[in-house]
Amino acid sequence: MDNQREQFGSKLGFILAAAGSAVGIGNLVGFPVNAAKSGGAAFLMVYAFFVVVICLPVMMAEMSLGRHTKRNPLGAYSSVSGGQFLWKIGGWLALITPFMIAVFYQVLTVWLLAYFVGAISGNLQAMAAPAYFGNFIQSNSVFVYLVVLIFIVGYVLNSGVQKGIERLAKILMPTLFVMLMLLTIFVLTLPNALVGIKYYLVPDISKISPEVISNALGQAFFSLSLGMGILITYGSYVSRKESIAGGAKMVALVDTSVAFFAGLLILPAIFVFNPATDTSELSSSSVSLVFTFLPKIFLSLQSIVGYLGASIFAATFFLLVFFAALTSQVSILQVPLSAFQDELKLSRLKSVLSLGGCAILLVVACTVSFGMVDYFTNFTNYGNANKSFFDVVIDVFYDTILPLNGFIICVFAMHYWKKANLNAEMSIGDENFQGSFTQKYVNGSLSYVIPAVLLIVFINTVCIKFFGFSLTDYLS
Ligand code: PFF
């Protein structure tokens with residue numbers, strides 16, 4: 001086996017790096033938006049149920065396959081299956097998906113960086129104006145921030161798994177927790193915050209519909225960075241002294257806690273702004289919430305803490321989400337990067353440069369999809385809607401392929417690699433695993449129930465996105 005493969009330096013380093021990947025825009029924005037629209041704690045309960053029942057076993061399977069093969073997803077599928085064509089498709093999907101998700105995530109991360117700089121330099125008033133966001137995303141300044149971000153991400157990736165990714169996570173994750181706590185405590189002390197807390201924590205079961213349940217599963221799956229090849233790749237850097245089950249549980253706990261606290265920050269903030277807020281009017285899009293709705297809310301804090309205070313609050317929030325997005329971004333790019341290193345035997349620097357070269361054109365195509373270039377703005381039309389290039393990347397890779405990748409990994413791990421091998425890998429570094437409840441649960445659920453659920457979600461998403469109807473239409 002490859003003795004020179006890099007490794008995370010410690011258990012804490014691995015957990016923080018994996019949590020850094022998991023904690024992202026999905027937790028800090030996607031979760032609060034969904035919770036606000038879908039019954040508060042009722043959504044939280046369905047979400048937490050899926051994290052434990054569906055997502056944790058998939059996470060463990062991905063990490064085990066990675067650690068066993070010590071390869072990137074393409075190499076992992078190939079080495080276990082002896083290069084069989086069908087399984088190679090699974091490997092390619094688990095490689096291309098993170099690459100394409102990284103492309104569109106890069107665009108969002110650039111905007112976050114720009115909004116942080118905007119808030120810290122006293123522009124909050126302008127940022128809260130309705131036309132600001134639309135003008136900003138069509139301005140050339142996005143390219144300046146893009147170049148800055150490319151250098152930051154390239155530098156971290158070129159520094160390696162331990163000195164780059166792990167070190168970044170060790171600095172940014174604790175910083176992120178402290179910032180999140182401080183912002184949350186501050187918001188909770190403001191007038192009307194209680195209305196938001198009640199709205200969030202008193203479950204409204206009546207909002208739970210088949211669609212909400214399906215959203216909660218999608219949100220949980222995405223939030224834990226599943227189906228993106230990340231945990232296969234990170235698993236390949238985990239020492240055989242560590243317990244995979246223990247690590248996965250910690251990552252899920254950290255990720256869900258951050259989502260919970262993000263809800264406790266954003267919902268009361270919305271109600272401080274306007275106690276009569278009708279949350280059904282909130283857009284389901286995280287993008288419009290972060291970049292158009294929240295600046296307005298932050299600006300309104302000036303009546304309580306002054307313009308400087310409101311600007312500091314806004315800057316801290318954007319920096320928080322930027323840090324979360326940055327640690328997610330490096331984790332996802334490490335997947336294709338490790339494939340360049342493993343499969344093409346390129347040095348790290350050459351891999352980083354090749355990856356950057358491949359990604360840059362696509363990132364620019366996504367960046368100009370918001371009005372700058374008509375070809376990419378009106379790229380195509382399906383599901384009764386006009387779609388930009390950016391929309392297509394999200395619809396195909398983010399919404400549709402993720403559950404398919406989850407389905408493939410379950411079938412591969414349980415029916416091709418086989419349960420006994422999964423158990424053997426999970427027992428390494430974890431003497432209590434054999435015979436434990438976790439083992440029984442993982443073995444029982446990963447064989448049929450979880451892949452069946454993921455397959456249904458995949459088919460349903462294809463119907464919704466590309467054919468304009470949902471399977472759940474037939475249930476309600
Ligand atoms: N778990 C991440 C989030 O919640 O934002 C998902 C993710 C997206 C990870 C994009 C990495 C990434 F590049």
Query raised in the report: Once both axes come from the Cα atoms, what is the angle between helix 11-22 and the longest principal axis of the chain, in degrees from 0 to 90, rounded to 10?
Result: 60 degrees
Report summary line: Given backbone amide H placed at 1.01 Å from N, residues whose amide H is under 5 Å from that of Lys387, ignoring those fewer than 5 places away on the same chain, are Phe379, Thr380, Asn381, Tyr382
Query - Alpha-carbon centroids, the stretch 324-357 and the stretch 66-140: separation in whole Å - result: 12 Å
Query - Rotationally averaged projected area of the chain (alpha carbon convex hull; nm²) - result: 21.2 nm²
Report summary line: Simple spin-label estimate for Ser257/Arg240, 7 Å along Cα→Cβ, in nm, reads 3.2 nm
Report summary line: Of the listed pairs Lys11/Lys440; Lys418/Lys440; Lys198/Lys296; Lys249/Lys440; Lys37/Lys207, those with alpha carbons more than 18 Å apart are Lys11/Lys440; Lys198/Lys296
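Contour minus end-to-end for Val52 and Leu86, with contour as 0.36 nm per residue of separation and end-to-end as the Cα-Cα distance?
9.3 nm
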Report task. Report, largest value first, the span of the C-alpha coordinates of the stretch 166-247 along each principal axis, in whole Å. Result -> 49, 36, 19
**Report entry** Sites Ser288 and Ser347, calculated FRET efficiency, Cβ-Cβ separation with R0 30 Å, nearest 0.05
**Finding:** 0.10
Requested in this report: Putting +1 on Lys and Arg Cβ atoms and -1 on Asp and Glu Cβ atoms, find which of Leu176, Val156, Thr189 reaches farthest to the positive end of the dipole of the stretch 146-261.
Outcome: Val156
Query - Taking the chain and dividing mean pair separation by its residue count, relative contact order in percent (alpha carbons under 8 Å, at least six apart) - result: 31 percent
Report summary line: If one compares the long axis through the Cα atoms of helix 244-273 with the longest principal axis of the Cα atoms of the chain, the angle in degrees, nearest 10, works out at 10 degrees
Requested in this report: Give the residue from Phe43, Val352, Ile401 lying farthest towards the positive end of the charge dipole for the chain; charges sit on Cβ (+1 for Lys and Arg, -1 for Asp and Glu) and the dipole is referred to the Cα centre.
Outcome: Val352
Report task. Note the angle between two axes, namely the Cα long axis of helix 41-50 and the longest principal axis of the Cα atoms of the chain, as a number of degrees from 0 to 90, rounded to the nearest 10. Result -> 10 degrees
Requested in this report: Straight distance only, please: which aspartates and glutamates reach the Cα of Lys465 with their own Cα at less than 17 Å, same-chain residues fewer than 8 apart left out?
Outcome: Glu211, Asp391, Asp395, Asp399, Asp473
Query raised in the report: Ranked by accessible surface with a 1.4 Å probe, highest first, in what order do Asp399, Asp255 come?
Result: Asp399, Asp255
Requested in this report: Can you pull the one-decimal nm distance between simple spin-label points at Ile185 and Val449, each 7 Å off the Cα toward Cβ?
Outcome: 4.1 nm
Requested in this report: Could you pull out every one of the aspartates and glutamates with an alpha carbon less than 20 Å from that of Lys70, ignoring same-chain neighbours closer than 8 positions?
Outcome: Asp2, Glu6, Glu62, Glu166, Glu242, Asp342, Glu343, Glu425, Asp430
Report summary line: In whole percent, the fraction of accessible protein surface over the chain that belongs to carbon or sulfur atoms, probe radius 1.4 Å, stands at 66 percent
Report task. Order Val156, Val202, most accessible first, counting only protein heavy atoms with a 1.4 angstrom probe. Result -> Val202, Val156
Query raised in the report: In terms of the Cα gyration tensor, with a ≥ b ≥ c the square roots of its eigenvalues, is the stretch 375-476 rounded because a/c is under 1.5, prolate because a/b exceeds b/c, or oblate?
Result: prolate
Query raised in the report: So between Thr175 and Cys358, what do we pick up on full extension, going 0.36 nm a residue minus the alpha carbon distance?
Result: 62.7 nm
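Compute the Cα gyration tensor for the stretch 227-296, then decide on rounded, prolate or oblate, letting a ≥ b ≥ c be the square roots of its eigenvalues: rounded whenever a/c is under 1.5, prolate when a/b is larger than b/c in the other cases, and oblate in all that remain.
Prolate shape, in that a/c is at least 1.5 and a/b is the bigger ratio.
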Requested in this report: Whenever you get a sec, line up Ile409, Ile401 from highest to lowest accessible area (probe 1.4 Å, protein heavy atoms).
Outcome: Ile401, Ile409
Query raised in the report: Can you work out ³J(HN,Hα) from phi for every residue in the stretch 410-425, in order, using Karplus 6.51 cos²θ - 1.76 cosθ + 1.60 and θ = phi - 60°, giving whole Hz and x for Gly and Pro?
Result: 5, 5, 5, 5, 8, 10, 10, 5, 5, 3, 4, 6, 4, 4, 4, 5
Query raised in the report: Can you give the convex hull volume per residue for the Cα atoms of the stretch 107-156, as a whole number of Å³?
Result: 71 Å³
Requested in this report: Pick out, from Phe8, Thr292, Val202, the residue whose Cα sits farthest towards the positive end of the charge dipole of the chain, with +1 on the Cβ of Lys and Arg and -1 on the Cβ of Asp and Glu.
Outcome: Phe8
Requested in this report: Would you calculate a helix-derived [θ] at 222 nm for the chain, using -39,500 (n - 2.57) for each DSSP H run of n ≥ 4 and dividing by the full residue count, to the nearest 500?
Outcome: -22000 deg cm²/dmol
Report summary line: Residue-ordered couplings for the stretch 147-159, obtained by feeding phi - 60° into the Karplus form 6.51 cos²θ - 1.76 cosθ + 1.60 and rounding to whole Hz (Gly and Pro as x), are 5, 4, 5, 4, 5, 4, 5, x, 5, 5, 5, 6, 7
Query - Cα centre as origin, Lys/Arg/Asp/Glu Cβ charges: the chain dipole, Debye - result: 920 debye
Requested in this report: Apply the Karplus parameterisation 6.51 cos²θ - 1.76 cosθ + 1.60, with θ equal to phi minus 60°, to every residue of the stretch 319-324 and state each ³J(HN,Hα) to the nearest whole Hz, in sequence, with x for glycine and proline.
Outcome: 5, 4, 5, 4, 4, 4
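The values are calculated or read from the model by the stated rules, or taken from the named source; none is laboratory data. Computed from a predicted structure; not experimentally measured. Glycine gets a Cβ as well: all are built from the backbone with ideal geometry, and neighbour counts include every protein chain shown. All accessible areas refer to the heavy atoms of the entire protein, side chains included, with ligands and DNA or RNA removed. Shrake-Rupley method; radii C 1.70, N 1.55, O 1.52, S 1.80 Å.
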